[in-house]
1. Which ones in the range 665-691 are among the hydroxyl-bearing types (Ser, Thr, Tyr) and either in contact with a Ser or Thr (Cβ under 8 Å, 6 or more places away or on another chain) or not assigned by TED's automatic domain parsing to the domain that holds Leu599 (or both)?
2. Considering the range 450-468 alone, what residues qualify as being of a type in the set (A, V, I, L, M) and surrounded by 19 or more Cβ atoms within 10 Å (Cβ to Cβ)?
3. Return yes or no: is Phe66 closer than 20 Å to Cys284 by Cα, modelled with pLDDT of 95 or more and within 39 Å of the chain's Cα centre (by Cα)?
4. Here are the criteria: (1) part of a helix (DSSP H, G or I); (2) in contact (Cβ under 8 Å) with a residue 40 or more places away in the chain; (3) of a type in the set (Ser, Thr, Tyr). Tell me which single one Thr718 does not satisfy.
5. Taking helices (runs of 4 or more DSSP H) that fall entirely within the range 1-96, which contain at least 2 residues that are touching a Phe, Trp or Tyr at 6+ places or on another chain (Cβ under 9 Å)?
6. Kindly indicate the residue of the range 469-483 that is within 14 Å of Leu182 (Cα to Cα) and not β-branched (Val, Ile, Thr) and also surrounded by the fewest Cβ atoms within 10 Å (Cβ to Cβ) among those meeting that condition.
7. Hey, Pro672 hits all of (1) crowded, with 18+ Cβ neighbours inside 10 Å; (2) farther than 20 Å from Asn740 by Cα but one; which does it fall short on?
8. Which ones in the range 501-530 are in a loop (DSSP other than H, G, I, E, B) and either surrounded by fewer than 16 Cβ atoms within 10 Å (Cβ to Cβ) or free of Cβ contacts under 8 Å to residues at least 12 places away in the same chain (or both)?
Amino acid sequence: MESSKRFDARAARPIQRDSFIEEWPETGLRLFPGPGDPAPGIVVRDGRIVELDGKPESRFDMLDRFIALRAIDPAIAMEAMALPALAIARMLVDIHVRRDEVIHLFRGLTPARIVEIVALLNAVEMMMALQKMRARRQPFNQAHVTNRKENPALLAADAAEAVERGFAELETTVGVARYAPLNALAILIGSQTGRGSALTQCAVEEALSLKLALAGLTTYAETLSVYGTEQAFRDGDDTPWSKSFLAAAYASRGIKVRFTSGTGSEALMGHSEGKSMLYLEARCLMAIRGGGSQGVQNGSISCIALPESLPDGVRGVLAENLIASLLDLELASGNDAMASHSEIRKSAKLMLQFLPGTDFIHSGYSSMPREDNLFGGGNFDTLDIDDYNVLQRDMRVDGGVRPAGREEILAVRRRAGEAVQAVFRELGFPEISDGEVDAAVAALSSADMLARDVVGDLAAAERFLGGGGNAIDVIRALAKSGFADIAEKILAVQKLRVSGDFLQTSAVVLPGAKVVSAINDPNDYEGPGSGYRLEGERWEEICAIPQAPDPRTIGVGGGVDAPVLAPAGEAGVSQEAADVVIAVGPAFGTALQATILGLSHREVLAELKSGIEAEGMRPRIVKVRASSDCGFIGYSGALLSGSSIAIGIQSKGTTVITRRGLPPLNNLELFPQAPNLTLESYRAIGRNAARYAKGEPVLPVPAQIDNMARLRYIVPTTILHLKETAEVVSGGAALEMEVNS
């Protein structure tokens, strides 16, 4: 085989480390309906569903029976199922069909019909439908908050930062199960520091998760997994009824419940029954609706690499997200577990939920570096947060986070670290030292944290939870230690639990203990000009990224107090053959005093003059006032030059060597990338200009090409040129200039 360096280079790209396979429908390795999926259909007799997608009631498995009894409204099923799939698919993207009309219709559809409808939509149409069908108007996000050392100070600090950055829910988990009470306690405190107020959960075994929630250490749960086949349920030692009972146990105590499902889990477990991933996921989602859940975390989650290995995989994940919204479930749409080695592919996948918006675009954005993420890495992490903020700003899209500056973040991290330190002290837990708090404030990851007494921490966790410790103990400890503000916020959330105010579809708790949900803020998108629009204070907040300075400050001062140049009369045409003109722009050395690279105009002029003088020629500085264009600056200088040679230079540093008689846009040498010009470059430019003036052979100054320079410098280039142009005097004569001493 012939060699190819291009193929070899592409073989080393990150995308090549992802897994890809062809479809294998018999094993469930197919996203959209395949040969093993049933045909849509329903039969209702005397208000009872007796046949579901071609299967009579006598052959129902536990999932069929549950869906027939709990997830489909028999009163509208026959009418809804009589509508052609294409007609319903078009309703999803028709801005004249309201969300509530679609929700009503989908209460009467079977899993097979729902998948048939969604399969008719391409990715853009699914995004259009998702924009209309999400439950709540404004998208939010959930953050993962974990670390490998299970350090409570770092957990609290990371939780506080996540809330400051706008995350509305925080989810932790554990490497060692017995750490769960302390981890839950730490993020509870952090979640109510600073802005507050986020709901929190700890992803552990369901009985322990319920115990933590009953103690008030967590406020929601989403680890209630469901499956699309009976055997997968049996392997999980569960049934749809047991999951419903558990959800009711949570909700009866004021704890928000969200189930978890996702394409690929049944194939991964070997129990797909030859059905497509999306069909089985539709069954899961209908079971979730039937179980009375407020919503679902789906989008393949930890199985994401499996659907992504197949054709249509990312579209299939979008389809399952859409189905959840069509069933009127709050949607936490995944984007958490690592989806690809390729940054391009990861970001492209994100756009399917980011652009239309979902109730929670990420069901786990890694608020710490992914090496500390005990959930499995994190698709995006804290190091990506500035990129994410810029994406929101670029597209005027609310992606659920907010920019925050260094001082703001460090302050809440310290406050949270000191608060959890105080609670540990008051409750008699192993000490959190001042050094630990300092480390937690500044840490990149748990690698920066001091070692703790692990045995002591575990004993304290067991003693606290086993002895009936709860959120009230935490509130008292905070109030007693000078953290009444945090204590009051935790108490406010506990009150919301008693009232049940956040037991609503798509509920979040915002600063001030304000509950926003699909009940009091429903999605009202009905086409252009309607629905949630990013504007007002929220848009201003998203625009205010820390790295965007006021453009008026760019180029001001240049580090020099007095002007470099002073006028010495109107410039005339020189008769001196040794004369080489250095023609500078209208702002050069006066209104502006440094190049885009930060080189002072004084130093630049010194190097240009040295280069000219080294060749025995005489430099002469002329300020061109009639134009800010580099070509015309050089052209004007050449008209005044005794040797007919001139150097034209703009204030930002862009330079040209030209000769009288050449058109303004032609030249001897052009140096368009000012950021690549050093003082040595300017000396060489002066030398070459002098050699042109003497009529000697000239080897052009090497021009360094940097394809990223435009990306880095286009903004300061624009600002500096605006300021240069502001100094133009229309028809103004050129002036002789002298360098101030």
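The values are calculated or read from the model by the stated rules, or taken from the named source; none is laboratory data. The structure displayed is predicted, hence computed values, not measured ones. So basically every Cβ, Gly included, is an ideal-geometry build from the backbone, and we count neighbours across all protein chains shown.
1. Once the filter is applied, which keeps residues that are among the hydroxyl-bearing types (Ser, Thr, Tyr) and either in contact with a Ser or Thr (Cβ under 8 Å, 6 or more places away or on another chain) or not assigned by TED's automatic domain parsing to the domain that holds Leu599 (or both), the range 665-691 yields only Tyr682.
2. So the first thing to find is which residues in the range 450-468 are of a type in the set (A, V, I, L, M), and the list is 450-451, 454-455, 458-461, 465.
Selection gives Ala460, Ala461, Leu465.
3. So Phe66 fits the description; yes.
4. Of everything listed in (1) part of a helix (DSSP H, G or I); (2) in contact (Cβ under 8 Å) with a residue 40 or more places away in the chain; (3) of a type in the set (Ser, Thr, Tyr), Thr718 misses just condition (2).
5. Numbers: elements: 5-11, 62-66, 74-82, 85-93.
Answer list for the range 1-96: 62-66.
6. Per the stated criteria, the residue is Asn470.
7. That leaves (1) as the condition not met.
8. Answer for the range 501-530, where residues must be in a loop (DSSP other than H, G, I, E, B) and either surrounded by fewer than 16 Cβ atoms within 10 Å (Cβ to Cβ) or free of Cβ contacts under 8 Å to residues at least 12 places away in the same chain (or both): Pro511, Gly512, Ile519, Asn520, Asp524, Glu526, Gly527, Pro528, Gly529, Ser530.
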